[in-house]
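Read the structure below first, then the notes.
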Amino acid sequence: MIKRGFTLIELLVSTAVFTVAMVIALGALLSLSEANRKADLLNASINNVSFALDSMSRALRTGTNYHCTTGGTLATPKDCGAGGASGTTPGTYIAFVAADGAKVAYCFDDGAIKRQVIQAGVPGSLSTNCASSVFLPLTAPDIVVENLSFYVTGAEPKQAASADTTQPKVTILVRAYVVIKSTQRSWFNLQTSVTQRIYDL
């Protein structure tokens with residue numbers, strides 16, 4: 001009888017220890033799974049915004065006639081956020097002429113990076129209203145872009161009264177986040193700089 005009693009106690013203790021170990025292991029597994037899901041979601045979001053930045057960079061690098069502002073047209077090349085006459089406030093809108101002659105504008109509205117393109121030879125002017133339906137989003141709906149800033153220097157021609165001798169350069173900053181769950185967000189910041197490839201006469 002005594003031997004059986006000890007065996008039953010040992011069985012209960014072993015079961016309890018095994019249950020605790022399994023609960024701890026399961027908790028660790030769930031935590032790892034959640035961390036992996038978060039990492040995958042954040043990685044996909046960064047890749048999506050990076051793609052948008054790369055798209056802008058390629059177009060800007062071979063483009064000309066940069067006009068940076070909070071809204072504007074291609075009428076006059078314009079710096080922004082560089083200090084001096086342009087002030088220190090960065091732009092949220094940039095328009096330019098692409099290498100193929102198309103008119104292109106990028107801007108920030110409603111949590112997304114947006115683009116408008118008017119092909120070469122097609123009449124019409126770029127819209128300055130980023131909320132307009134002519135602007136199409138470049139970023140995925142599950143990514144919320146909180147801020148898009150353009151810093152442009154050297155956009156004005158050298159013949160201008162400002163005596164600009166700087167090759168046009170654009171620096172783009174993006175701050176965005178992705179919702180992991182209702183109470184959790186993951187933030188990230190990306191930055192890139194582009195110098196106009198065509199020599200600024």
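Observations on the structure shown:
- Prolate/oblate/rounded call for the range 86-201, Cα gyration tensor, a/c under 1.5 rounded: oblate
- Candidates 20, 145, 134: whichever shows maximal mean-square fluctuation once the chain is modelled as a Gaussian network with Cα springs under 10 Å: 20
- Relative to the longest principal axis of the Cα atoms of the chain, helix 2-61 runs at roughly 10 degrees.
- The chain: calculated mean residue ellipticity at 222 nm from DSSP helix runs of at least 4, using -39500 (n - 2.57): -11500 deg cm²/dmol
- Probe 1.4 Å, protein heavy atoms only - accessible area per residue of the chain in square angstrom: 57 Å²
- Pairwise label distance in nanometres, residue 182 with residue 34, each label 7 Å out on the Cα-Cβ vector: 1.5 nm
- As a rough guide to protection, the peptides 32-45, 172-185, 87-100 ranked by mean Cβ packing within 10 Å, highest first, stand as 87-100, 172-185, 32-45.
- Comparing 15, 64, 128 in a Gaussian network model of the chain (Cα springs below 10 Å), the most mobile by mean-square fluctuation is 15.
The values are calculated or read from the model by the stated rules, or taken from the named source; none is laboratory data. Bear in mind that the values here come from a model prediction, so they are computed numbers and not experimental data. Because the Cβ atoms are built from the backbone with ideal geometry, glycine has one as well, and the counts that use them run over all protein chains shown. Heavy atoms of the whole protein, side chains included, go into the accessibility calculation; ligands, DNA and RNA do not. Shrake-Rupley method; radii C 1.70, N 1.55, O 1.52, S 1.80 Å.
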